[in-house]
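Have a look at the structure below, then the notes.
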Amino acid sequence: MSGVNPREVIAQSLGNMVDFGRSYGRALPDELARWHCYTRDGGHSILVVLDDGTLGDAPSRQKITDQLVPAPVKAVERADWRTLDGFVVCTLPYDPELGLVTDPDDDEHGDGSAAEPALTKYAVGEPYPGNVRWRDGACEIRITEHGVDFVLAFANPKTHEVKAFRKGNAEFALTPGKHHLIWSYRFTDAQDSNPKHGIPWSDQPWEYHRQAAVELPAAPGPRGASFPLQLILVDSATGIVQGLRLIGPTVEFADALRDAVEAQARVPHDPAAAQQEMESVFARYPSSTDLLLAAEARFEALRDDTVR
């Protein structure tokens with residue numbers, strides 16, 4: 001048996017996108033049980049080496065780790081899997097743009113307890129839940145105790161915009177006020193030399209009491225840890241989801257957001273004061289790039305979703 005440590009490999013490969021300590025509801029073969037993990041977007045999974053036909057009979061350790069991907073437990077059990085050098089090797093369909101392609105019914109979340117929160121399910125190529133009507137360029141931010149949904153809606157998004165959103169560098173900045181919080185964001189593709197491509201710096205205000213009128217906000221996750229930031233790109237002309245991505249902000253960014261949410265929760269609802277406060281900020285920082293000078297927290301998720 002290889003001396004590989006599955007826990008270490010899982011942590012290195014998935015980072016803060018994995019929740020340790022989640023047990024599966026039934027026994028698995030020992031080879032699969034060692035590689036069981038719980039990812040925040042996919043639920044109960046097996047970290048497998050994806051065999052796309054290029055792996056060969058004696059791949060290097062680097063080649064193996066480059067092709068690691070979490071796959072739903074049920075999908076792995078049905079597939080043609082084997083072990084190699086202590087790893088689980090599996091043949092599953094993979095799309096360069098969409099990633100691993102599996103049956104949504106194979107996703108398993110939670111541990112069967114009533115306390116487990118219900119997760120909103122999104123899928124590329126499917127309508128955004130709730131039949132929402134989006135305007136072109138709209139951005140909506142939903143902050144809950146479980147994480148943040150960041151929705152960006154473009155009418156007929158261009159190929160380079162979709163690619164930058166899904167696979168490029170995602171940057172975020174926070175500028176908090178007493179009554180509001182401004183999110184700044186952009187998506188760039190380092191592999192695209194056209195400087196006009198991608199999604200340039202833009203910004204979106206968020207107010208605790210505006211969301212509270214529909215759903216009570218809460219500081220996401222425990223202090224000193226990251227949280228799931230789910231990015232969703234929607235075609236505003238059709239309502240169809242065009243891109244999905246799950247990233248984890250740095251701890252510094254996460255704690256700055258928690259501070260801002262908790263501070264706003266303590267301030268009485270005052271729409272006029274919030275509007276005046278935002279107008280003052282935008283008068284001082286008239287462009288999205290100017291606004292970055294006032295940001296109190298920033299982070300960038302790279303193509304491989306590592307953050308800095």
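Just a few scattered comments:
- Taking segment 119-268 as the region of interest, the number of lysine pairs whose Cα atoms are within less than 29 Å, with members eight or more places apart or on different chains, is 7.
- Derived scalar couplings between HN and Hα for segment 205-219 equal x, 9, 10, 4, 6, 5, 5, 4, 5, 10, 8, 5, x, 7, 4 Hz in order, rounded to whole Hz, by the Karplus curve 6.51 cos²θ - 1.76 cosθ + 1.60 (θ = phi - 60°), x for Gly and Pro.
- Expressed per residue, the C-alpha convex hull volume of segment 133-255 stands at 108 Å³.
- At full extension, Asp103 and Asp30 could sit 23.9 nm farther apart than now, given 0.36 nm per residue minus the alpha carbon distance.
- The chain, relative contact order [Cα under 8 Å, separation at least 6], %: 16 percent
- Taken over the C-alpha atoms, segment 1-94 has Rg and Dmax values of 12.3, 34 angstrom.
- Extension gain for the segment Gln276 to Ser193, taken as residue separation times 0.36 nm less the Cα-Cα distance, is 25.9 nm to one decimal.
- The chain: most fluctuating residue of Thr159, Thr54, Thr65 per GNM, C-alpha cutoff 10 Å: Thr54
- Semi-axes of the equivalent ellipsoid for segment 21-64, Cα gyration tensor, largest first, Å: 25, 13, 9
- Ellipticity estimate at 222 nm from DSSP helix runs (n ≥ 4, -39,500 (n - 2.57)) divided over the chain, nearest 500: -6500 deg cm²/dmol
- The Rg/Rh ratio of the chain, with Rg taken over Cα atoms and Rh as the Kirkwood radius over Cα pairs, comes to 0.99.
- Overall form of segment 220-291 per C-alpha gyration tensor (a/c, 1.5; a/b vs b/c): oblate
- For segment 161-205, the set of trypsin sites (Lys or Arg not before Pro) satisfying both a DSSP loop assignment and a count of at most 10 other C-beta atoms within 10 Å is given as Lys196.
- Relative contact order (%) - criterion: Cα under 8 Å, at least six apart; region: segment 106-245: 33 percent
- Relative contact order, percent, segment 195-282 [alpha-carbon distance under 8 Å, six or more residues apart]: 27 percent
- Cα-derived Rg over Rh, computed across segment 169-214 with Rh taken as Kirkwood radius: 1.16
- For segment 180-308, alpha-carbon Rg relative to the globular expectation (2.2 N^0.38 Å, N residues): 1.16
- Loop GluC sites (Glu not before Pro), segment 213-308 (other Cβ atoms within 10 Å of the site Cβ: 15 or fewer; DSSP): Glu215, Glu296
- For segment 255-302, trypsin sites (Lys or Arg not before Pro) meeting the loop criterion (DSSP other than H, G, I, E, B) and having at most 13 other Cβ atoms within 10 Å: Arg266.
- Sorted on the mean count of surrounding Cβ atoms within 10 Å across their residues, most packed first, peptides 235-246, 3-14 read 235-246, 3-14.
- Residues whose placed amide H lies under 5 Å from that of Val234, excluding near-sequence neighbours: Leu152, Ala153, Phe154, Gln242
Values quoted throughout were computed directly from the atomic coordinates according to the rules given, and no laboratory measurement underlies them. Just so it is clear, the structure is predicted and the values come from calculations on it, not from any experiment. Here Cβ is always computed from backbone atoms with ideal geometry, including for glycine, and neighbour counts include all displayed protein chains.
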